[in-house]
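**Q** Attaching a single structure in structure tokens format; questions to follow.
The values are calculated or read from the model by the stated rules, or taken from the named source; none is laboratory data. Predicted model, so just to flag it, every value in this text is computed and none were measured. Note that we place each Cβ from the backbone using ideal geometry, even for glycine, and neighbour counts take in every protein chain shown. For the accessible areas, the whole protein counts, side chains as well, though only heavy atoms, and no ligand, DNA or RNA atoms are used. Shrake-Rupley method; radii C 1.70, N 1.55, O 1.52, S 1.80 Å.
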Amino acid sequence: MTEKFDAIVIGAGMAGNAAAYTMASRGLKVLQLERGEYPGSKNVQGAILYSNMLEKIIPDFRDDAPLERHLVEQRFWMMDDTSHIGMQYRSDDFNESRPNRYTVIRAQFDKWFSRKVREAGATVLCETTVTEVARDADGKVIGVHTDRIGDVILADVVVLAEGVNGLLGTRAGLRETPKPETVALAVKEMHFLPEDVIDQRFGLKANEGCVIEAAGTISRSMAGLAFLYTNKESISIGIGCLVSDFAATMESPYDLLENFKKHPSVQPLIADSEVKEYAAHLIPEGGYKAIPQLFGNGWVVTGDAAQLNNAVHREGSNLAMTSGRLAGEAIVQVKTRGDPMIKENLALYKSKLDKSFVIKDLRKYKDMPALLHTNSRNFFTTYPQLLSQAAQNFMRVDSTPKIDKERATTAAFIKERSRWGLVSDAVRFAFAWR
Amino acid sequence: MLNMKRDTPPPAAGRASTKRELPEHFKDYRHVWVFIELERGQIHPVSFELLGEGRKLADKLGVELAGVVLGPAGEATLYAVAEAFAYGADLAYLVEAPLLEDYRNEPFTKAMTDLVTTYKPEILLLGATTLGRDLAGSVATTLLTGLTADCTELDVDAEGSLAATRPTFGGSLLCTIYTLNCRPQMATVRPRVMAMPQRVNKPIGRVIQHDVPMVEEEIVTKALGFLSDGQSSNANLAYADVVVAGGLGLGAAENLKLVKNLARAIGAEYGCSRPLVQKGWMPADRQIGQTGKTIRPKLYIAAGISGAIQHRVGVGGADLIVAINTDRNAPIFDFAHLGVVTDAIRFLPSLTEVFTHRLSPHSRDKLAN
Amino acid sequence: MHIVICIKQVPDSAQIRVHPVTNTIMRQGVPTIINPYDLFALEEALRLRDAHGGEVTVLTMGPPMAEDALRKALTYGADRAVLLTDRHFAGSDTLATSFALSQAIAKIGETFGSPDIVFTGKQTIDGDTAQVGPGIAKRLDLLQLTYVAKIVSIDLNKREITVERRSEGGTQTLMSKLPCLITMLEGTNEIRRGSLDDALRAARSRIVKWNAADAGIEDLTKCGLRGSPTVVKRVFAPATRAEKAEQIDTTEKTPRDLADELIAGIFSRQPALEDELAFDGDA
Ligand SMILES: Cc1cc2nc3c(=O)[nH]c(=O)nc-3n(C[C@H](O)[C@H](O)[C@H](O)COP(=O)(O)OP(=O)(O)OC[C@H]3O[C@@H](n4cnc5c(N)ncnc54)[C@H](O)[C@@H]3O)c2cc1C
Ligand SMILES: Cc1cc2nc3c(=O)[nH]c(=O)nc-3n(C[C@H](O)[C@H](O)[C@H](O)COP(=O)(O)OP(=O)(O)OC[C@H]3O[C@@H](n4cnc5c(N)ncnc54)[C@H](O)[C@@H]3O)c2cc1C
Ligand SMILES: Nc1ncnc2c1ncn2[C@@H]1O[C@H](COP(=O)(O)O)[C@@H](O)[C@H]1O
């Protein structure tokens, strides 16, 4: 059998589903292949979903998508070993009719998304791994081979949405293997607790949710971030650091997570919970500079596979969804015009992406990964400790005059990092953030 | 089979109140029956365990306990009747027919349903063996009555109904099940789940011999042959006094010899957790747990086994559980009595050696003197 | 030859959690799978079809999402799938389940041809009763062959089948007649990986969906809660042992020291054991 499709999508994650849905719902004959037992089975559980980007694909997703809690509160913590100093924003405005952010459990959410894809008319095959992209004599991608017995499956265009460690694109020479310093390794656990206990501990009611992001000595001088999301009956908790850092420091991600969980600020939040599902997953963190070639003759690449991930804001799925949608739209346009799926025409995908928030955001933070990486000791150890000492200094009421406390704080900062160092960190951070 | 649908509360609350009056025609169903499993001249010990349980139920209800023996006329059948009394029966029902020689579903179902409809027991217990499960399903369906399979606890409530408790969802939960409006109330129990009662020499009491007219020509299924497992020890695992088992923590198939060596040194049977069967490191009949054997030894030594709930339900009846595991948080330490946090691969040889030494006649003589 | 195989979608019990406070099942995020025991029956059915020709129909009774299990069975190569789904079936025990399934099998027989063999798995991992198979056999008056380890031969002309059946102490060889019901023993084969064609066909095929009326079930009092003589009165978590294992301190001890201490611990708790072991061990 040499059946031919308009498009083949590899992967049923956020990017793949967005692409497949976009194309199938506009009448293209789409085949989607997923190696997992079902969509989402290989995906790390518990994540934040950004409504805006999904609305652009499935406007009424709230009707039946499995959403856990909508977020009304975000905390950011700088931690040292015993304390945290934090920023917290909570607003009742987030209790809106169409909330902006939700926590979701990926295994369930992806399944729902995949059902939508199927309902839109795509053919979805799970437990089917694409082993190779097929090319013609000129090198144009014309289809895929799978690990099931059968012939090559042909398509006008192949959408690679295979995630960060998808081997296919790299094996086919369509892009390079991500480097250790551009990917983070995140480990994550689900802690189950009764719904009302979670409500109580975080001061939440009726499906409200809260997110905590934390940095500091917990990552042991590596560039890393810990996080905690409230789901309906569980808490997702995890920590991620650059793979290169793990390699250099020989730290174990599991130990970091254990320490984070034992931290006095975190422990009471997850006490008495039942742990289930320990998972590890890579996150592309190279940012703008790590983005590979995004299109070619007969192929495009989307989502994590294309390093489209905003490490600074911990956004990935929305970039994945948007890139998938834009790839789908571009393909539909080329197809409608009756043009071939060659490099020149598929460049439309890139230009759509350039105009979107995806590339604009990534460009904005293009220097951030490098800065955090080279300066990780200061950002993740020295500053959190200094800040915490400073805060404690101010809050502890004793007979030290306030002015002396202020001086002591400044002195401590300068001693650790020198006046020049401080200024340069500040300037560089500001530039990277700008 | 329990079908608990999501979002609906367990039917317990809603349905317990629906208890209606037992239909009139069931009111004369009385007494507790235990099916004495006789296969190829051998009585399955689960029958005695059930007599022990049946005795307690009958005493609570103030009724009689009967053993039911189906088989060809002969010594084995008579012996089974005698043993039923020795293990607590007040009377026995006996169906003798040549075609009850080899177990086959058709004649056994016929004989059993015939007995039940004639003599009307309120409770009928069978072993959850391959034979018992094959028979129980057919009998219950023929009689259109309730059957609670694989019970771990049997009791009667204040109103005299059988409360049969069994694990559900792979042992994560237990549930208590009633058969309120049908008779008999049927239950099966796996071997080794109930304790073996004391055998008491007793003369044969009342035996009710029942004739079920059956001719071989009417039975479609023919037994062509039987290949016995022989004296291979797998049958003994469930009934061994001491069991040593290995789990995935042993790392490699060749390390299983450490378990076997220890077992040999102390005269124990050996077994394993399920993953080892799946990997083909041990035959399926060595598996201990929910989907393997239930054991009830005096001593159980588990090496490199995490103690998942499905494993736990198979060993809960052991008198003394010793766990060897490198992870001090392994769930097995929640139900073991003695624990050693150490590498089993290094530790088992020493344990074997010290055991051997300590149990050798030589060192025991010295101790005695 | 027409073969009907009953499969059930079950929660992956390895991943089930019990709510620590309310003792109820927490199903959130628990994946469902085809009851693993049913896969042995399915593979056997596929092999028979491949050898003798004919069709394999998979049947399940369950909620609408049980369609996933059926689709997966099609991916393995089954020819047709029937989903029996109706609110009236909710809360069925083995008797009610076997009633509904036997009615559906009868209907399948009328619609697609009478089955020669009905397969079920040995047991499910959630209900775990091993009673539904025998129940179906009785209701359809099929010859019942349980715990089948091997199908030795089938003679379609004589309508004869010979199987090896596992019994407690050995293997029994039985010869019987078609139509029959077989419950298949685990570990007897390995489910195949469907071809790309099978996978594509499965993804696209329509699943036959029947409610009670479609399956020709008129008497709803035999279904679901109403048709179930057993009543679940109480669901609770197993009692946990209050104290944890006594840990033998391992610091700075050689394996031999540890062994000494452990053995002393064992015999102090079970004094009678030492003599018994000495006897066994030397025998
Ligand atoms: C711990 C952690 C927390 C995160 N939290 C958030 C968050 O809160 N919010 C957020 O927006 N983002 C978050 N992200 C990032 C987000 O998960 C990813 O950016 C997003 O999932 C990328 O989608 P994708 O479709 O590109 O890749 P994936 O979701 O990884 O999907 C790729 C799919 O392709 C399949 N596949 C791979 N190779 C093959 C093959 N050869 N054949 C067939 N199928 C194949 C895989 O099985 C997989 O299903 C987080 C990431 C991690 C690791
Ligand atoms: C439907 C169903 C039915 C099941 N039925 C059964 C059943 O009947 N029986 C059964 O056993 N399981 C059953 N299981 C499987 C069960 O859920 C567990 O997966 C299984 O029991 C785990 O086996 P394990 O303890 O050997 O392996 P693991 O869970 O992998 O545990 C290995 C243990 O070894 C320890 N370890 C590692 N290295 C060493 C070392 N060098 N020395 C000492 N300790 C070490 C580890 O800390 C760990 O605790 C069933 C599962 C399902 C879903
Ligand atoms: N709801 C169901 N739908 C289809 N088949 C079932 C169902 N329940 C049980 N079965 C079949 O009956 C066998 C035994 O189930 P059980 O009696 O629950 O252990 C299973 O292996 C299935 O083949």
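**Q** Roughly how large is the B-C contact in terms of buried accessible area, totalled over both chains, probe 1.4 Å, nearest 100 Å²?
**A** So the buried area, both faces added, is about 8900 Å².
**Q** Roughly how tilted is helix A:317-337, in degrees to the nearest 10 and between 0 and 90, from the longest Cα axis of chain A?
**A** The angle comes out near 20 degrees.
**Q** Hey, another quick one. State the Cα centre-to-centre distance between segment A:216-282 and segment C:112-127 in whole Å.
**A** Centre-to-centre (Cα) distance: 46 Å.
**Q** Considering protein heavy atoms only and a 1.4 Å probe radius, which residues within segment B:194-232 exhibit an accessible-area decrease of no less than 50 Å² in the full assembly relative to the chain by itself?
**A** So the qualifying set is B:Val220, B:Thr221, B:Leu224, B:Phe226, B:Asp229.
**Q** As a test of reading the structure, rank B:Val244, A:Val197 by solvent-accessible area (1.4 Å probe, protein chains only), most first.
**A** From most accessible down to least: A:Val197, B:Val244.
**Q** In angstroms, what radius of gyration and Dmax does the protein assembly as shown have, counting Cα atoms only?
**A** My reading of the Cα-based Rg and Dmax gives 33.1, 108 Å.
**Q** Show me, for segment A:410-416, the HN-Hα J-couplings you get by feeding each phi into the Karplus relation (A = 6.51, B = -1.76, C = 1.60, θ = phi - 60°), rounded to Hz, glycine and proline as x.
**A** 4, 4, 5, 4, 5, 4, 6
**Q** Per residue of chain B, what 222 nm ellipticity follows from adding -39500 (n - 2.57) for every DSSP H run with n ≥ 4, rounded to the nearest 500?
**A** -9000 deg cm²/dmol
**Q** How about segment B:190-268: which trypsin sites (Lys or Arg not before Pro) there are in a DSSP loop, with at most 16 other Cβ atoms within 10 Å of their Cβ?
**A** The qualifying sites are B:Arg199.
**Q** Rounded, prolate or oblate: which one fits segment A:1-151, using the alpha carbon gyration tensor with axes a ≥ b ≥ c (rounded when a/c is under 1.5, else prolate when a/b beats b/c, else oblate)?
**A** prolate
**Q** Sequence neighbours fewer than 8 away in the same chain don't count; with that in mind, list the aspartates and glutamates whose C-alpha is under 19 Å from B:Lys60.
**A** Partners within reach: B:Asp28, B:Glu49, B:Asp90, B:Glu122, B:Glu153, B:Asp155, B:Asp157, B:Glu159.
**Q** Any idea of the total accessible area buried by the A-C contact, 1.4 Å probe, rounded to 100 Å²?
**A** Summed over both sides, the interface buries about 2400 Å².
**Q** Moving to a separate point now. Counting only heavy atoms of protein chains, what accessible area per residue, in Å², does segment A:1-119 have with a probe of 1.4 Å?
**A** Solvent-accessible surface per residue comes out at 40 Å².
**Q** Using a 1.4 Å probe on the protein chains only, how many percent of the accessible area of segment C:200-241 belongs to carbon and sulfur?
**A** 49 percent
**Q** Shape verdict for segment B:27-109, please, from the Cα gyration tensor: rounded (a/c under 1.5), prolate (a/b greater than b/c) or oblate.
**A** Since a/c reaches 1.5 and a/b is larger than b/c, the shape of segment B:27-109 is classed as prolate.
**Q** Still on this structure, I have one more. If you count, for every residue in B:340-351, the Cβ atoms of partner chains within 10 Å of its Cβ, what is the mean?
**A** Per-residue shielding by partner chains comes out at 4.
**Q** Using 10 Å bins from zero, what percent of all Cα-Cα pairs in segment A:177-282 falls into each bin?
**A** Percent of Cα pairs in each bin: 15, 46, 28, 10, 1.
**Q** Hey, which of these cross-link pairs are over 21 Å Cα-Cα: A:Lys188/A:Lys232; A:Lys111/A:Lys360; B:Lys260/C:Lys150; B:Lys110/C:Lys8; B:Lys293/C:Lys8?
**A** A:Lys111/A:Lys360; B:Lys260/C:Lys150; B:Lys110/C:Lys8; B:Lys293/C:Lys8
**Q** Taking segment C:87-160, which trypsin sites (Lys or Arg not before Pro) meet the DSSP loop condition and have no more than 13 other C-beta atoms within 10 Å?
**A** C:Lys158, C:Arg159
**Q** Against the globular-protein guess of 2.2 N^0.38 Å, express the Cα radius of gyration of chain A as a ratio, rounded to two decimals.
**A** 1.05
**Q** A further question follows. Note down the magnitude of the dipole of the protein assembly as shown about its Cα centre, charges +1 on Lys and Arg C-beta and -1 on Asp and Glu C-beta and zero elsewhere, to the nearest 20 debye.
**A** 3040 debye
**Q** Quick check on packing: order B:71-80, C:30-39 by the mean number of other C-beta atoms within 10 Å, highest mean leading.
**A** Result, highest mean Cβ count within 10 Å first: C:30-39, B:71-80.
**Q** Within a 10 angstrom radius of each residue's Cβ in A:143-150, how many Cβ atoms of other chains show up on average? Whole number is fine.
**A** 4
**Q** Another question about this same structure. What figure, in Å² to the nearest 10, do you get for the accessible area of A:Arg201 with a 1.4 Å probe and non-protein molecules left out?
**A** 70 Å²
**Q** May I ask you to order B:278-288, C:55-65, A:233-243 by the average number of other C-beta atoms within 10 Å around their residues, highest value first?
**A** A:233-243, C:55-65, B:278-288
**Q** Give me the percent of DSSP beta bridges within chain A that run antiparallel, rounded to the nearest 5.
**A** Roughly 70 percent of the beta bridges in chain A run antiparallel, per DSSP.
**Q** Then there's this: Over the whole of A:30-37, what's the average partner chain Cβ count within 10 Å per residue? Rounded to a whole number, please.
**A** 1
**Q** Okay, next question. With Cβ to Cβ distances under 13 Å as the rule, what net charge do the other residues near C:Leu101 carry (K, R +1; D, E -1)?
**A** +2
**Q** Rounded to the nearest whole Å², what accessible area per residue is found for segment C:189-265 with the 1.4 Å probe?
**A** I get 56 Å² per residue for segment C:189-265.
**Q** Just want to confirm a number: the relative contact order over chain A, from Cα pairs under 8 angstrom separated by 6+ residues, in percent.
**A** Relative CO of chain A lands at 20 percent.
**Q** List the pair-distance distribution P(r) of chain B, using every Cα-Cα distance, as the percent of pairs falling in each 20 Å bin from 0 up to the bin containing the longest distance, rounded to whole percents.
**A** Final binned percentages: 26, 50, 22, 1.
**Q** Express the Stokes-Einstein translational diffusion coefficient of segment C:129-283 in µm² s⁻¹, to the nearest whole number, given a Kirkwood radius over alpha-carbon pairs, 4 °C and a viscosity of 1.567 mPa s.
**A** Estimated via Stokes-Einstein, D reaches 56 µm²/s.
**Q** How many percent of the accessible area of chain A is carbon or sulfur, using a 1.4 Å probe?
**A** Percent of accessible area from carbon and sulfur atoms in chain A: 53.
**Q** Next up: Net charge near A:Ala24, counting Lys/Arg +1 and Asp/Glu -1 over other residues with Cβ under 15 Å of its Cβ?
**A** So the environment of A:Ala24 carries a net charge of +3.
**Q** List the DSSP H helices in chain C whose Cα atoms stretch 20 Å or more along the helix axis and whose mean Kyte-Doolittle hydropathy is at least 0.0.
**A** Long hydrophobic helices here: C:94-112, C:255-269.
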